[in-house]
Every structure is written in structure tokens, then in C-alpha cells.
Amino acid sequence: MPRLTVLPGDGIGPEIMEQTLRLLEKVVPLGSWQVDMALIGGCAIDACGNPLPQETVDACLASDAVLLGAVGGPKWDAVPASLRPEAGLLGIRSAMGLYANLRPATLMAPLAEASPLKAEVLGDGFDLLIVRELTGGIYFGEHGSGNDSAGRYTAYDVERYSVYEIERIARTAFEAAMRRKKQLVSVDKANVLESSRLWRATVNVLAAQYPQVELSHMYVDNAAMQLVRDPGQFDVIVTSNMFGDILSDEASMLTGSIGLLPSASLGEGTRGLYEPIHGSAPDIAGSGRANPLAAILSAAMMLRYSLEMEDEARRIENAVRDALVDGARTADLAGGAAALSCREMADAVIAHL
Ligand code: IPM
Ligand code: MG
């Protein structure tokens, strides 16, 4: 019996999770699974003063998979950094050892018009995968603040990567490339950063084990530009935690909306955490306008990577595509035209299962 922990979180998280579970029920026998709800982020701060209660960590560690909505919101902006909702998210990724974050960005043909890119730039579209390192780098390095030697108030965050951490994420990326078009671009800032020079050298060493993969390197500023100039040039991108955070938001927008992109976070083994790449969108929370597709597609990734249910994953992905072909649009995709609510969008996908 698969065990699933659901972490709806804050903002639009609960709405999109509700629709995702409703849809999931039509595809798998959820009634016979063990499904537990748990708190993370701001709602956990409100309930027990901690964005990541131990109970939540225990439930996640005992699960085959975790589905997460989103965390954060202005309500918790003033709490100390280590107790912010985001610390809960970073904490659960780290506690579960989920160092590899897979963020696929595909332009679905029916949405070409929603993409901010011109048709001639989009060409035949794009289908890329960002492999983001998720438990290291500057988000997990030493943070601090205080007076410097001249008495000026200063804050700092340290970017630090070990060969071990770079090698395991690079391996994930090479393996992913082997299953795709065998093209890998490693993104760094090796012209400036020592940690990036180690990143590049380590990726180069590993490349010898994957002679069929065509490896190239790109500076992150150039990568940001190339993504809008010609996204079709990319197959797999591997990069550090912060660069991957930034580039995946950029790539998501190219698909038409940040509301479309799912992600899978994996470590050793098949246990994973699945979440949309978008945030909690507090400005539209509770209005019924959220797009549930990124969360629904995250559930599909969960079936594929953690539960060996490839057919069911495809059923969901095909239904999402067919609903979009049919014209189903939430507000983020409608360009001002009449839009479906979060629930209606889920209904549209369910109708195409
Ligand atoms: C993401 C988010 C998180 C991150 C935040 C909320 C901590 O931006 O999943 O991309 O930076 O990883
Ligand atoms: Mg982000």
C-alpha cells in the first residue's frame, strides 16, 4: 500500500492540492493508499510556531512520496529567517536528502500563443529539463550579519560546493540526458566564482563516463539570455541551487505561465517530493483563480518516479494536454478572456482522462 504525505502549505497551496487529490482519485485507488495531511510553512508556524514540525518530517520520511502545494506569504515576512515558511521547505528537502530537483519546461503546442516569445523565436517549440542542485550551495551555506572591521553593518551568504555534491547532481543530469536527446549544458559562473570552477572541472571529469552525451558549458548570464533567444537549443541543463531557482522561473514563463511547471525532488532511491515550481501566490489565494495544472502535473511525476505508475502518469499528462487543446484556460493563460476557476480546470482535465 503506497504511503503518501500531502503538504498543502500556504496561499493557493490548499486549493491546488484539493483539486490534485480529486483528480488523482480518478486515476489511482487512493482510497486504499495511506494518505496523511501534514503542516509545513506559514500554516505550521501559526499552528505550532515552527515551519517544519518534527511530526511532518517523520511522516515524510515514512512515505513513498510527498506532494506539496506552496509555502510563504506576507503574513510571515517579519518572522526571523530561521523560522520563515521558506526555511520549512528548505528543511524538508534537506531532511529527505533530496539533492536533485528535476524541472521540465515544455512548450505545449496549444499554448504557443500564451508564451511571451514570438512565433519565429519559438520555432518548433522546446522541451527542456532543468536539473537543479537542491540541498547545497548558497541557500544552505553559512549565513550571517554583523559589523565588519570598519564598523559597517554587513550581511553575507556563502556559496560552497564539494566535489561529492557536484558529482552526484551531474550524474543525475547525465543519466537524464541519456534518456533524452543526449545534450547537456552545465551552467555556472566559472569566469568569476571559485565554486563554479570546481563545478565545471567536476562535470568535465564525469563526462568521460558518458561519451555519448554532448556536454557544453555556459555562463549563467549567457544562459539567461539564450533561454529567451532560442530555448529550442536546450535539452538538459544542470546547475547549482540558486542558478537553477532563477533559470527555472524564467523557463517556466516561456511555456506560457509559471502556473504550468511541475517538479520532482529526488535523492538516493525512489522516494521523492513533488511540487509545482510556482509559489503560494498570496495575491490570488482563496479567489479560485489559481491554475492547478502545475500541481496536477507534479502528481503525474510522482506516479512516474516514486510509484512505478508510468501509464497512469501519462494518462494525466495526456489529459492535461487535451484539456488545453480543447481551450481550457485559467486566468493566467486566458489573456483577459473568460477563464476557468481552479476547480473547473481540474474538471476539464478529469473529463479528458
Ligand atoms: C522554488 C522556490 C523555493 C526555492 C523558495 C520558496 C524557498 O523559489 O522552489 O523554486 O528557492 O527553492
Ligand atoms: Mg523558485
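The values are calculated or read from the model by the stated rules, or taken from the named source; none is laboratory data. This one's a predicted model, so the numbers in the text were calculated from it and none came from an experiment. Positions of Cβ are backbone-derived with ideal geometry, glycine not excepted, and every protein chain shown enters the neighbour counts. Heads up: the accessible areas ignore ligands, DNA and RNA and are worked out on the full protein's heavy atoms, side chains in. Shrake-Rupley method; radii C 1.70, N 1.55, O 1.52, S 1.80 Å.
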### Message
Whether any residue in the stretch 161-172 is surrounded by 15 or more Cβ atoms within 10 Å (Cβ to Cβ) and touching a Pro at 6+ places or on another chain (Cβ under 8 Å) is what I want to check.
### Response
no
### Given (1) within 17 Å of the chain's Cα centre (by Cα); (2) within 16 Å of ligand 2 (Cβ to nearest atom); (3) in the same structural domain as Glu15 (by TED's automatic domain parsing), number of the condition Leu247 does not satisfy
(3)
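Picking from Arg304, Arg229, which residue would you name as being away from ligand 1 (no atom under 15 Å from the Cβ), of a type in the set (Lys, Arg), open to solvent by 10 Å² or more (accessible area, probe 1.4 Å) and over 25 Å from Leu117 (Cα atoms)?
Criteria check complete, one pass: Arg304.
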### Query
In the set Met108, Met96, which member is aliphatic (A, V, I, L, M), at pLDDT below 95 and within 28 Å of Ala285 (Cβ to Cβ)?
Met108
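Can you name every residue in the stretch 105-123 that is away from ligand 2 (no atom under 15 Å from the Cβ) and under 28 Å from Ser63 (Cβ atoms)?
Result: Thr106, single match.
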## Note on the structure
With criteria (1) within 16 Å of ligand 1 (Cβ to nearest atom); (2) open to solvent by less than 40 Å² (accessible area, probe 1.4 Å), Pro292 comes up short on (1)
### Options Ala81, Ala119, Ala87: the member that is open to solvent by 40 Å² or more (accessible area, probe 1.4 Å) and within 13 Å of ligand 1 (Cβ to nearest atom)
Ala81
### Yes/no for Gly137 being among the small types (Gly, Ala, Ser) and within 16 Å of ligand 2 (Cβ to nearest atom)
yes
### Message
Of all residues being touching a residue at least 60 places away in the same chain (Cβ under 8 Å) and in a helix (DSSP H, G or I) in the stretch 54-74, which is most open to solvent (accessible area, probe 1.4 Å)? Just the residue, please.
### Response
Pro74
### Query
Would it be correct to say that Ile258 is within 16 Å of ligand 1 (Cβ to nearest atom) and open to solvent by 50 Å² or more (accessible area, probe 1.4 Å)?
yes
## Note on the structure
If you go through Ser252, Ser195, Ser240, the only one that is crowded, with 17+ Cβ neighbours inside 10 Å, farther than 30 Å from Asp322 by Cβ and either away from ligand 2 (no atom under 16 Å from the Cβ) or at pLDDT below 95 (or both) is Ser195
### Query
For Val57, which of the numbered conditions (1) β-branched (Val, Ile, Thr); (2) touching an Asp or Glu at 6+ places or on another chain (Cβ under 9 Å); (3) in the same structural domain as Asp322 (by TED's automatic domain parsing) fails to hold?
(2)
### Query
If you check Ala100 against the conditions, is it within 15 Å of ligand 1 (Cβ to nearest atom), crowded, with 21+ Cβ neighbours inside 10 Å, of a type in the set (Gly, Ala, Ser) and under 21 Å from Thr172 (Cβ atoms)?
yes
